[in-house]
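Colleague: After the C-alpha cells below, expect a handful of questions from me.
The values are calculated or read from the model by the stated rules, or taken from the named source; none is laboratory data. Every value quoted in this text rests on a predicted model; they were computed, and no experiment measured them. Quick reminder, even Gly has a Cβ in these numbers, built from the backbone with ideal geometry, and neighbours come from all protein chains shown. Note: accessible area is taken over every heavy atom of the protein model, side chains too, but ligands, DNA and RNA are not part of it. Shrake-Rupley method; radii C 1.70, N 1.55, O 1.52, S 1.80 Å.
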Amino acid sequence: MKNSFSKKVIIPPTPPLAKGGWGDLIKKQIKKTRRYFVYLAVRLLVLSIWYLPFKAKSSIGAFGGWVCYLILRKDRKRAEENIKFVFGNKFSEKEIKDTAKISFINLGRNGIEALHIPKINLSNLKNYVSVEGLEHLDEALKKGKGAIVITGHIGNWEFFPASISLMGYPTAVISRRYSNQWIDEILKNLRVFHGTKVIVREKGYENHMMKEVLEALRNNEILGLLIDQYTRRGFLCVDFFGKPATTPTGTAVFAMKTGASVLPGCVIRRDKDNFLIKFYPPEEVVITGDREKDIYTNTLNFTKAIERMITEYPSQWAWMHDRWKLKEKQKLKIKSQNEVRSETVGADLASAHLNPHPASSNKRATSHESRNPKLPLVEIYSKPHCSLCEEAKKILLKVKETLHFELKEIDISSDNSVLEKYKEQIPIIFINGKKAFKFHVDEEELKKKLIRG
C-alpha cells in the first residue's frame with residue numbers, strides 16, 4: 001500500500017492532549033504501546049495474506065468470523081436478541097441463530113476482503129461486482145447538486161465507495177478517526193486507493209467537515225454516509241424498528257442545505273466472491289420551512305429506508321452492534337424533549353376533559369391557545385368502556401414515543417350532539433382536522449400520515 005494516497009484524506013488538525021500528571025502520562029504511554037503491538041499483529045496478518053487470491057482471503061475472514069461467533073458470547077447474545085426484537089415470531093429460534101452466525105461470518109469476510117481492494121481495477125471489477133439501479137444515481141447527478149448515498153453496515157460496505165470511484169464517479173465519504181492511529185492509517189490508505197476522498201469527522205472541527213461536504217456536493221460528487229449505528233454527537237432519537245435509537249442528522253442537514261438527492265444503496269453479498277451494488281430510487285427530502293421539524297422528519301424517513309434494506313437482506317447486517325443503547329446524558333436529553341412535548345399535550349387533554357363541549361356539532365375544537373402550532377394535532381373521539389378505543393389509544397401512545405405530535409382525547413358521552421354524530425364511528429381519529437382513521441388505527445399508516453403532516 002502506498003502512503004502517498006493519504007494526501008487525499010481531508011483531516012482536521014489533531015487537538016492537543018490535555019495536560020496531566022505523571023500517572024496520566026504513564027497510562028497514555030501504556031495504551032499507546034499496547035495499540036502499537038496490536039498494529040504490528042495486524043500488519044503481520046496483512047503481509048501474510050496480501051498475495052493470496054480473493055477467495056482465499058474471503059475464506060480466512062469467514063473462519064475468523066465463525067471463531068468470533070463462538071467465543072464472543074456477549075456479542076453473540078446481543079445479535080440474537082436484536083434479531084428476535086426486530087423479527088419476533090417471524091423467525092424461529094434456529095433462523096435467529098443462523099442469521100446471527102452468518103452476520104458474524106460476513107463481518108469477518110468483510111474485514112479481510114477489504115485488503116483486496118488495491119488489487120481491483122477496471123479490467124477485473126466486473127468479476128467482483130455488478131450494479132443495479134445505476135440510472136437512479138445518474139438521474140440524481142443530472143441536477144448538478146451532487147448525490148448523497150445513505151447505507152448501513154450491510155453486505156461489504158467498504159466495496160461501495162471503491163467500486164463507484166473506479167467506475168468514474170467522484171466519491172467522498174465521511175469517516176471518524178479509529179482509536180489506533182496506525183490501524184487508522186491502514187484503513188485510510190485502503191479507502192483512498194482508488195480516488196475516494198475521505199472527510200474525517202472530528203469533535204470540535206464540525207465546521208471544517210461541513211465545508212468539505214458542501215464543496216464535494218457543489219462539485220456534483222457523491223457523498224457516502226453510514227447512518228445505521230449508535231452516535232453520541234449530532235443526533236436525534238427516531239424510531240428504528242419500533243424503538244428509539246440515536247441517529248445522525250447529517251444527511252438531513254446536508255440535503256436540505258444543498259438540494260442534493262438522497263438515495264439508499266448497499267453492496268449485497270451474492271456468494272463468496274461476488275457482490276451486487278444496488279441503488280434505490282431517491283427518498284423525498286421534506287422542506288416545509290420549519291427546520292427543526294424537517295430535520296426530524298427527513299432523519300426518520302432515511303432511517304426507514306435503512307430498515308427496508310435490512311429487512312430485505314437480514315443476514316447481511318451487523319446485528320452484534322448495540323444499536324439501541326442510550327447513555328445517561330442521551331436519556332436525559334430525550335426525557336427533556338418529551339417533557340416539552342408533554343406539557344402541551346397535557347394541557348390539551350386537561351382542556352378536553354374540563355370543557356368537552358365543542359362550540360357546535362359541526363365545528364370541532366381543533367385549536368387551543370396552549371397547543372404548539374408546529375406539531376401535528378391528533379384528536380381521538382372515544383367513550384368509556386370501549387375496547388376499540390383503548391386499543392387505538394395504546395397505538396397512539398406507542399407512536400408518540402418516537403414521533404412528535406400533540407394528542408387530544410374527546411369523550412363523546414359528555415356531549416349529546418357529539419355522541420349522536422359519532423356514536424356509530426368510534427374510535428375516530430383526526431390529524432390536523434382531517435379524518436384519518438375509524439374503528440382501527442394502523443401503526444405504520446399513522447406514522448406516514450404524521451410525517452406528511
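Colleague: Outside the structural domain of His321 (by the TED database), at pLDDT 95 or above and over 17 Å from Ser315 (Cβ atoms): is that true of Phe5 in this structure? Can you show your working first?
Modeller: Details: outside the structural domain of His321 (by the TED database): yes; at pLDDT 95 or above: no; over 17 Å from Ser315 (Cβ atoms): yes.
Spelling it out, it is not the case that Phe5 is outside the structural domain of His321 (by the TED database), at pLDDT 95 or above and over 17 Å from Ser315 (Cβ atoms).
Colleague: Against the definition (closer than 27 Å to Asn274 by Cβ, assigned by the TED database to the domain that holds Phe235 and not in a helix (DSSP H, G or I)), how does Ser175 come out, yes or no?
Modeller: Values: closer than 27 Å to Asn274 by Cβ: yes; assigned by the TED database to the domain that holds Phe235: yes; not in a helix (DSSP H, G or I): yes.
Criteria met by Ser175.
Colleague: To continue, here is another question. Say whether the condition of being acidic (Asp, Glu), assigned by the TED database to the domain that holds Ser163, touching a Phe, Trp or Tyr at 6+ places or on another chain (Cβ under 8 Å) and surrounded by 13 or more Cβ atoms within 10 Å (Cβ to Cβ) is met by at least one residue in region 134-141.
Modeller: No, that holds for no residue.
Colleague: Here is a check on your reading of the model: is Leu125 farther than 30 Å from Trp324 by Cα, open to solvent by less than 70 Å² (accessible area, probe 1.4 Å) and either in contact with a Ser or Thr (Cβ under 9 Å, 6 or more places away or on another chain) or among the β-branched types (Val, Ile, Thr) (or both)? Give the derivation first.
Modeller: Numbers: farther than 30 Å from Trp324 by Cα: yes; open to solvent by less than 70 Å² (accessible area, probe 1.4 Å): yes; either in contact with a Ser or Thr (Cβ under 9 Å, 6 or more places away or on another chain) or among the β-branched types (Val, Ile, Thr) (or both): yes.
Yes, satisfied.
Residues are listed down the side, and each one gets a yes or a no for (1) loosely packed, with under 12 Cβ neighbours inside 10 Å; (2) of a type in the set (A, V, I, L, M, F, W, C); (3) outside the structural domain of Met320 (by the TED database):
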| site | (1), (2), (3) |
| --- | --- |
| Thr33 | yes, no, yes |
| Phe37 | yes, yes, yes |
| Leu52 | no, yes, yes |
| Ala56 | no, yes, yes |
| Ile60 | no, yes, yes |
| Gly65 | no, no, yes |
| Arg73 | yes, no, yes |
| Arg76 | no, no, yes |
| Asn82 | no, no, yes |
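Colleague: Scan region 114-121 and tell me whether some residue there is open to solvent by 40 Å² or more (accessible area, probe 1.4 Å), within 18 Å of Phe159 (Cα to Cα) and either of a type in the set (A, V, I, L, M) or out of contact with any Asp or Glu (no Cβ under 9 Å at 6 or more places or on another chain) (or both). Give the derivation first.
Modeller: Applying the first criterion (open to solvent by 40 Å² or more (accessible area, probe 1.4 Å)) to region 114-121 yields 119, 121.
Filter once more, keeping what is within 18 Å of Phe159 (Cα to Cα): 119, 121.
Those still in the list that are either of a type in the set (A, V, I, L, M) or out of contact with any Asp or Glu (no Cβ under 9 Å at 6 or more places or on another chain) (or both) too: 119, 121.
There is at least one residue in region 114-121 that is open to solvent by 40 Å² or more (accessible area, probe 1.4 Å), within 18 Å of Phe159 (Cα to Cα) and either of a type in the set (A, V, I, L, M) or out of contact with any Asp or Glu (no Cβ under 9 Å at 6 or more places or on another chain) (or both).
Colleague: Mind checking which residues of region 262-299 are among the polar types (S, T, N, Q) and buried (at least 23 other Cβ atoms within 10 Å of the Cβ)? Spell out how you get there, then give the answer.
Modeller: From region 262-299, those among the polar types (S, T, N, Q) are 274, 288, 297-299; that's our starting set.
The answer is Thr297, Asn298.
Colleague: With respect to the numbered conditions (1) more than 25 Å from Glu80 (Cα to Cα); (2) in contact with a helix residue (DSSP H, G or I) (Cβ under 7 Å, 6 or more places away or on another chain); (3) modelled with pLDDT under 95, which one is the sole condition not fulfilled by Lys293?
Modeller: Against the list (1) more than 25 Å from Glu80 (Cα to Cα); (2) in contact with a helix residue (DSSP H, G or I) (Cβ under 7 Å, 6 or more places away or on another chain); (3) modelled with pLDDT under 95, Lys293 comes up short only on (2).
Colleague: Ok, one more. Here is a list: Leu166, Leu107, Leu115. Which entry is touching a Lys or Arg at 6+ places or on another chain (Cβ under 7 Å) and at pLDDT below 95? Before you say what the answer is, go through the steps one by one.
Modeller: Numbers: Leu166 fails: touching a Lys or Arg at 6+ places or on another chain (Cβ under 7 Å); Leu107 fails: touching a Lys or Arg at 6+ places or on another chain (Cβ under 7 Å).
So the residue among Leu166, Leu107, Leu115 that is touching a Lys or Arg at 6+ places or on another chain (Cβ under 7 Å) and at pLDDT below 95 is Leu115.
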